[in-house]
1. Considering only residues that are surrounded by 15 or more Cβ atoms within 10 Å (Cβ to Cβ) and either outside any strand (DSSP E or B) or in contact (Cβ under 8 Å) with a residue 60 or more places away in the chain (or both), which ones fall in region 121-131?
2. Is there a residue being modelled with pLDDT under 95 and of a type in the set (Asp, Glu) anywhere in region 97-109?
3. Among the residues of region 82-103, which ones are in contact with a Ser or Thr (Cβ under 8 Å, 6 or more places away or on another chain) and open to solvent by 70 Å² or more (accessible area, probe 1.4 Å)?
4. In region 57-86, what residues are within 17 Å of Arg159 (Cβ to Cβ) and either of a type in the set (Lys, Arg) or touching a His at 6+ places or on another chain (Cβ under 9 Å) (or both)?
5. Return the residue satisfying two criteria in turn: it lies in region 37-77 and is within 29 Å of Ala140 (Cα to Cα) and acidic (Asp, Glu), and of such residues it is most open to solvent (accessible area, probe 1.4 Å).
6. Would you point out the residue of region 138-167, among those that are modelled with pLDDT under 95 and either within 21 Å of the chain's Cα centre (by Cα) or not in a strand (DSSP E or B) (or both), that is surrounded by the fewest Cβ atoms within 10 Å (Cβ to Cβ)?
Amino acid sequence: MLRIFILLVVVVVIGFAGGVRAQVAEQAGGERARELAAALDKEKYKKKDKGSVSVELYIDIRNEVAAKSDPGGYSGAYESEGYRLDLRVSLSGEAAGSGYDSPALDGRFVKFELRDGRVAGALLTGIKVYESGDKRKLEAVFVNRTVAMGKNKDNIDSRETAFGLGFLEGGPVIADHMGSSNRMAGWTNRVFLERQ
């Protein structure tokens, strides 16, 4: 009876320790996902006066982390102007995919494969391997993105929410187009790919 009790205690302690480790890992991924989602937020207000005419424009972009209990639910096509990612995520969180970037939005697409991808909570990490062989780390977050537009904070004309994948991208980016390479540096871009 004592042996059964000791065995039961050991099993419970091991199970508890494993659960704590998984929870700590999830919290770390959750914390980073929240930081990244907040970095994607943007608020902009402009007002121009010309004579008796006044024009106001207000845009507020907010991103809320969109964690799913089943990582496989993130599989799908994500797209925006100049960017696309076709993503496959297993139930264990392993991710792979392919797509293209056009960071200069000049019509030139740079194809890539996503390798060593992993989804933890709402955070996607991996390496983009471009056709040229160049590599770039990817750290993105699945979000519900709400865009509010109007004249000012108190006068909102429209509000739209969409689910997708957001990340920050900055130079340099290697673009291989017909054998030539272009380097762009010193810029940061907030990218949101909407789920198709």
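1. Here is the first cut: in region 121-131, the residues surrounded by 15 or more Cβ atoms within 10 Å (Cβ to Cβ) are 121-126, 128-130.
Within region 121-131, Gly121, Ala122, Leu123 meet the criteria.
2. Start the filter on region 97-109 by keeping residues that are modelled with pLDDT under 95, which leaves 101-109.
Restricting the remaining residues to those that are of a type in the set (Asp, Glu) gives 101, 106.
Yes, that holds for at least one residue.
3. If the condition is that a residue be in contact with a Ser or Thr (Cβ under 8 Å, 6 or more places away or on another chain) and open to solvent by 70 Å² or more (accessible area, probe 1.4 Å), then Arg88 is the only one that fits.
4. Once the filter is applied, which keeps residues that are within 17 Å of Arg159 (Cβ to Cβ) and either of a type in the set (Lys, Arg) or touching a His at 6+ places or on another chain (Cβ under 9 Å) (or both), region 57-86 yields only Arg62.
5. If we take residues in region 37-77 being within 29 Å of Ala140 (Cα to Cα) and acidic (Asp, Glu), then Glu64 is most open to solvent (accessible area, probe 1.4 Å).
6. Asp154
The values are calculated or read from the model by the stated rules, or taken from the named source; none is laboratory data. The model shown is predicted, which means the values in this text are computed figures rather than measured ones. In this analysis, Cβ positions are derived from the backbone assuming ideal geometry, glycine residues included, and neighbour counts consider all displayed protein chains. Calculation scope for accessible area: heavy atoms of the full protein, side chains included, ligands and nucleic acids excluded. Shrake-Rupley method; radii C 1.70, N 1.55, O 1.52, S 1.80 Å.
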